[in-house]
Amino acid sequence: MRLAKQLIKPSAIFFDLDGTLIDSAPDLGAAADKMRLDRGLPSLPDTLYRPMAGAGARGMLKVAFDISPDHADFLIMREEFFANYEASIGAKTARTTAFTGVHEMLRSLEAQGILWGIVTNKSKRFTEPLVACTALLHGACAVVSGDTTPHAKPHPAPLLEAFRLASQAMQNQRTITPADCWYVGDDKRDIDAGRGANMATIAAAWGYEGEHQLTTWNADHILTEPSKLIALL
């Protein structure tokens, strides 16, 4: 855990989803790998897909087929990837799990009366069924997807929408501002969005990027595991 500055105890903490609360890399990689198998190509190991999980379809298709968004077939192949991934959500073969310590972290926040929510760039098409089938996530006071607002992260709009929903959930018990909130994520876009929304920012080094990369993001804190968040409180 690297401490950058003293933080005030938050009224609400918002989290990125993939790479922060849940490890969806196995299912994202499987969705892309199925495309290879369907084309008669050999399977690739999870270890190749995992580092690119934070980039979603763009990252998975880059690993599987070495194509980028400017490729003529990218949009068609992206939709095929989306369909494969969507079919995996909630399936018996799904391998998405919460990161070690996330369950205890969220329960601790609830016990302390701190609201928590989810702000992800994942579209509602995937976020809503994933949250619905994951009991751990049912306590979220806000679930904001990449297409909930006109802008996705790194724009601050999704975080400000989560703040609005959290404020409603408090039912006028107290008045808060975005500065009373923290945002936790494993991608530079998360830190940029949090800073833009005037929230304290925490980089999750247990995600897909690794601690070395996170040091360049100017987050207020870098935490190596979910239990360290409770220590900050």
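Each value in this text was obtained by applying a stated rule to the coordinates, not by laboratory testing. Keep in mind it's a predicted model, so treat the numbers as computed, not measured. Cβ placement follows ideal geometry from the backbone for every residue including glycine, while neighbour counts extend to all protein chains displayed.
If each DSSP helix of 4+ residues adds -39,500 (n - 2.57) and the sum is divided by the residues in the chain, what number results at 222 nm, nearest 500 deg cm²/dmol?
-11500 deg cm²/dmol
Return one number: the angle in degrees, 0 to 90 and rounded to the nearest 10, between the long axis of the Cα atoms of helix 25-38 and the longest principal axis of the Cα atoms of the chain.
It is inclined by approximately 20 degrees.
State the three equivalent ellipsoid semi-axes of the chain, derived from the C-alpha gyration tensor as the square roots of 5 times its eigenvalues, in descending order and whole Å.
Each semi-axis is the square root of five times an eigenvalue, giving 31, 18, 17 Å.
What trypsin sites (Lys or Arg not before Pro) in the range 78-144 are in a loop by DSSP, with at most 15 other Cβ atoms within 10 Å of the Cβ? Intermediate results must be reported in sequence, preceding the final value.
Values: sites: R78, K92, R95, R107, K122, K124, R125; in loops: K92, R95, K122.
Answer in residue order: K92, R95.
Where Lys and Arg each count +1 and Asp and Glu each count -1, what net charge lies around T120 among other residues with Cβ under 13 Å from its Cβ? If you can, show how the numbers build up before the last one.
Details: positive: K122, K124, R125, K153, R189; negative: D16, D18, E128, D147, E161, D186, D187, D190.
Net local charge, T120 excluded: -3.
Quick one: if the Förster radius is 30 Å, what FRET efficiency do D66 and K92 give, using the C-beta to C-beta distance and rounding to 0.05?
Working from the Cβ atoms, E equals 0.45.
Test of understanding: ordering T149, T47 by Cβ neighbours within 10 Å, fewest first, what list do you get?
Working: T149 18, T47 9.
By the 10 Å Cβ count, ascending: T47, T149.
Could you put F163, F14 in order, starting from the residue whose Cβ has the fewest other Cβ atoms within 10 Å?
Going from sparsest to densest Cβ surroundings: F163, F14.
T201: net charge of surrounding residues, Cβ under 10 Å, Lys/Arg +1, Asp/Glu -1, itself excluded?
-2
Please give the helix 157-169 orientation as an angle from the longest Cα principal axis of the chain, in degrees from 0 to 90, rounded to the nearest 10.
The two axes meet at around 50 degrees.
Where does each of T97, T134 land when they are ranked from fewest to most other beta-carbon atoms within 10 angstrom?
Lowest count first: T97, T134.
Report the gain in length on full extension from L75 to T215: 0.36 nm times residue separation, minus Cα-Cα distance, nm rounded to one decimal.
Stretched out fully, the L75 to T215 stretch lengthens by 47.0 nm.
On a 0 to 90° scale, report how tilted helix 102-111 is relative to the longest principal axis of the chain, with both axes built from alpha carbons and the result rounded to the nearest 10.
30 degrees
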